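For reference, the structure is listed below as structure tokens.
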Amino acid sequence: MAFMATDSVKLLPLISMLLALFAQQAAAWKTHYLDWEIKNATLTRDCHTVSVATVNGMFPGPIVEINEGDTLVIKVTNKQIYPVTMHWHGIRQFHTNYADGPAHITQCPIQTGGSYIYEFTVDSQRGTFFYHAHIDWLRATVHGALIVHPLKKLPSTYGKVEQEIPVIIGEWFGMPANQYEAGFLNTLEPLENATSITPTINGYPGPKYNCSKGAQVFKVEKKKTYLLRIINAALNNDYWFSVADHKLTVVGADGNYLKPFTTKYLPLLPGQTTDVLVTTNQKPGKYYFGINVGPIPIVGRPPPRIPALAMFEYEEASSSASPVTPKFPNNVTLKPLNQYVAKLHAFGDSVITLPKKLNKDLIWTIGTAWVDCKKPEPCVQKVMGMIQNISFDDPVGTSILQAYASGANGVYQTNFPDEAPSLKVNLTGTDPHYRNGTRGTRVKTLNFGDNVRIVFQNVFAAGILDHPVHLHGHDFYVIGRGYGIYNSAKDPKSFNLVDPPAYNTFGVPNGGWLAIQFIANNPGVWLLHCHFDRHKSWGMEMVFITKNGHGSAQSLAPPLHPLPKCTAGGLP
């Protein structure tokens with residue numbers, strides 16, 4: 001039916017109202033200008049005094065709080081000896097691919113004395129995120145919380161929140177983390193004089209460790225609800241989180257809402273964030289909360305078994321009350337982890353029904369293998385991380401994004417394989433298909449809008465070991481998970497395509513498989529890697545290139561600021 005002139009007149013007030021609402025909202029959006037220096041600070045934790053890289057001298061770095069729709073403009077100046085980049089973990093960077101941050105993937109590193117401006121708008125995302133250095137192991141101390149408050153109110157499932165408390169899980173090394181990393185690159189064991197790894201809560205190990213000044217104390221009131229925004233910024237361990245004598249209500253993860261459920265123990269893999277509610281419904285007193293090593297510890301020297309703790313102290317508590325210490329599952333028990341994962345379902349506006357028709361249906365192996373060393377590496381063969389039995393080599397003297405955008409040849413190959421060499425894998429010992437791996441800079445190209453499913457099959461898993469895979473530029477949906485060898489005829493029948501939880505980091509279980517699905521709706525170059533830094537250092541990563549779609553809205557945008565210059569000498 002055609003519109004009459006009178007219909008247009010009737011529409012004018014509605015259009016005017018919508019434009020006014022948009023203008024009002026646009027006025028509410030803010031641009032935040034921050035000036036950061038990556039510089040050394042001398043700090044002492046667990047009796048070890050070390051000069052470490054920090055953001056503005058802080059460990060963890062400053063908390064960044066913005067609203068959904070706001071823009072961040074952050075000038076990062078490098079004033080320490082190692083090259084550095086910054087990544088905004090979980091932020092999709094739509095149209096701002098050059099601000100994503102992984103070294104030699106989207107930019108070359110910021111050299112000593114240099115600067116780079118990261119500018120991006122956080123649109124259609126809200127929740128708990130974090131930022132961290134994305135080169136070598138600098139993120140051990142160069143990291144901090146990034147909180148994005150929603151345009152709309154929090155879902156009713158959050159209830160009335162008395163206070164929001166960021167809780168950042170970290171790890172302290174008894175030497176600069178990059179030196180510690182050097183001991184892992186060409187051997188199975190760390191440096192001979194390496195010290196143990198000490199877990200931290202908001203930068204401190206707490207009262208169970210030597211040279212500690214006691215627990216950080218958070219005053220709470222009885223019968224109130226507190227929102228804990230928990231971030232696992234640690235490098236090489238999964239952790240259990242718990243609050244003594246209190247239940248945790250899980251409501252969100254990785255910036256997405258979850259159907260609420262209660263748990264005693266919260267598993268957190270490196271790179272994951274989780275929003276939990278704690279209601280102070282216990283007898284007024286002092287209650288420790290914190291972390292201990294999760295079910296998948298680092299290989300090599302034994303990981304710490306002593307929990308890092310902080311404290312909730314009720315306002316009504318007696319000053320003489322003895323603190324209660326939380327209990328944790330033992331670090332070789334997988335049952336609590338499996339029970340937790342089984343409860344994960346999307347909620348509210350995070351619910352999506354995934355399309356069944358796939359453009360890419362991929363089965364990839366992930367694990368470790370032996371490869372030949374290259375000069376100047378001081379070895380003949382060494383263990384490296386693998387995806388599809390390929391260890392990723394960073395390009396030299398450029399980044400993949402810069403090469404892709406400029407059309408440069410010889411930087412990478414587009415022949416990353418779709419299928420695994422074999423799924424008849426011996427998961428209890430060395431398998432001939434995966435005994436020896438290859439090395440290269442090989443990428444996988446996608447068309448804009450592709451519906452992509454990847455099944456990761458864990459192989460060569462030594463001991464209790466998982467792989468927390470992190471995908472840049474996207475959230476993915478966790479549709480299935482299991483142990484043993486993936487069965488392509490049977491296992492897809494159990495996939496959850498109705499309300500799968502959305503994450504940007506999730507674990508491929510030890511001796512098992514993980515199925516994820518995502519839409520390639522972000523043009524540009526995006527890294528996928530294991531978020532154990534040891535494994536990433538070993539090359540357990542790969543790169544997607546999503547081609548442009550139709551028009552500027554579906555195309556890669558140019559950098560907003562001059563990029564750091566690439567060094568002619570190659571890495572770093």
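Before moving on, here are some points about what is shown:
- Within straight-line cross-link reach of Lys335, aspartates and glutamates at Cα separation under 17 Å, skipping those fewer than 8 residues along the same chain: Asp238, Asp466
- ³J(HN,Hα), Karplus 6.51/-1.76/1.60, whole Hz, each residue of the range 323-338, x for Gly, Pro: x, 9, 9, x, 9, 10, x, 5, 7, 10, 9, 9, 4, x, 5, 5
- Shown for the chain: the carbon plus sulfur share of the solvent-accessible area, taken with all protein chains present and a 1.4 angstrom probe, equals 54%.
- The Rg/Rh ratio for the range 481-572, using Cα coordinates for both the radius of gyration and the Kirkwood hydrodynamic radius, is 1.06.
- Per DSSP, loop trypsin sites (Lys or Arg not before Pro) in the range 418-452 with at most 14 further Cβ within 10 Å: Lys424, Arg435
- Residues whose amide H comes within less than 5 Å of that of Leu362, counting only those at least five positions distant or on another chain, are Arg453, Ile454, Val455 (H built at 1.01 Å from N in the peptide plane).
- Relative contact order for the range 390-442, counting Cα pairs under 8 Å that sit 6 or more residues apart, in percent: 61
- In summary, the lysines within cross-link reach of Lys219, defined as a Cα separation below 27 angstrom excluding same-chain residues under 8 places away, comprise Lys153, Lys160, Lys208, Lys247, Lys264, Lys283, Lys286, Lys327.
- Kirkwood Rh (inverse of mean 1/r, distinct Cα pairs), the range 274-416, angstrom: 21.9
- The per residue volume of the convex hull around the alpha-carbon atoms of the range 120-182 is 112 Å³.
- For the range 351-356, Karplus couplings with θ = phi - 60° (6.51, -1.76, 1.60), whole Hz, Gly/Pro x: 6, 9, 9, 7, x, 7
- Surface exposure of the range 129-187, expressed per residue as accessible area with a 1.4 Å probe, stands at 33 Å².
- Considering only alpha-carbon pairs that sit under 8 angstrom and 6 or more positions apart, the relative contact order computed for the range 123-174 is 36 percent.
- Packing-based order for 246-259, 143-156, 85-98, using average beta carbon neighbours within 10 Å, highest first: 85-98, 246-259, 143-156
- Using a Förster distance of 25 Å, the FRET efficiency for Lys79-Thr31 (Cβ separation, nearest 0.05): 0.50
- Oblate is the label for the range 498-550. Its Cα gyration tensor axes, ordered a ≥ b ≥ c, give a/c of at least 1.5 and b/c at or above a/b.
- Where the range 452-572 is the region considered: accessible area per residue in Å², 1.4 Å probe: 31
- Counting 0.36 nm for each residue step from Lys224 to Gln554 and taking away their Cα separation leaves a gain of 114.2 nm.
- Positive-end extreme of charge dipole, the chain - chosen from Phe59, Val452, Thr441 (charges on Cβ): Val452
- Each residue of the range 416-421 is assigned a 3J(HN,Hα), and the resulting list reads 5, x, 7, 10, 6, x Hz, derived from the Karplus form 6.51 cos²θ - 1.76 cosθ + 1.60 (θ = phi - 60°), x at Gly and Pro.
- Per residue, the convex hull spanned by the alpha carbons of the range 163-289 comes to 127 Å³.
- Estimated distance in nm for a label pair at Ser322 and Asp349, the labels positioned 7 Å out from Cα along Cα-to-Cβ: 5.0
- Check: the chain dipole with +1 on Lys, Arg Cβ and -1 on Asp, Glu Cβ, in debye: 880
- Global geometry of the range 300-351, whether rounded, prolate or oblate, following the gyration tensor of its Cα atoms and the 1.5 cut on a/c: oblate
- The gain in end-to-end length when the His561 to Cys211 segment is fully stretched comes to 121.5 nm, 0.36 nm per residue minus the alpha carbon separation.
- Rounded to whole Å, sorted largest first: equivalent-ellipsoid semi-axes of the range 440-510, Cα gyration tensor: 21, 18, 13
- Value of relative contact order over the chain, rounded to a whole percent, pairs C-alpha under 8 Å and six or more apart: 14
- Cα-based convex hull volume of the range 62-197 per residue, rounded to whole Å³: 143
- Other-chain or far-sequence residues with amide H under 5 Å of Leu235's (modelled H): Glu171
- Cα-based shape type of the range 379-467, given that a ≥ b ≥ c are square roots of the gyration tensor eigenvalues and the cut on a/c is 1.5: oblate
- Distance (nanometres) between label positions extended 7 Å along Cα→Cβ at Ser51 and Ala489: 6.4
- Rg to Rh, two decimals, where the chain supplies the alpha carbon set and Rh follows Kirkwood: 0.97
- Straight-line cross-link reach from Lys490 at under 17 Å between alpha-carbon atoms covers these lysines, not counting any fewer than eight positions away in the same chain: Lys356, Lys424.
The values are calculated or read from the model by the stated rules, or taken from the named source; none is laboratory data. Just so we're clear, the structure is a prediction, and the values are computed from it rather than from any experiment. When we count neighbours, we look across all protein chains shown, and the Cβ atoms used for this are built from the backbone with ideal geometry, even at glycine. What goes into the accessible areas is simple: the full protein's heavy atoms, side chains included, and nothing from ligands, DNA or RNA. Shrake-Rupley method; radii C 1.70, N 1.55, O 1.52, S 1.80 Å.
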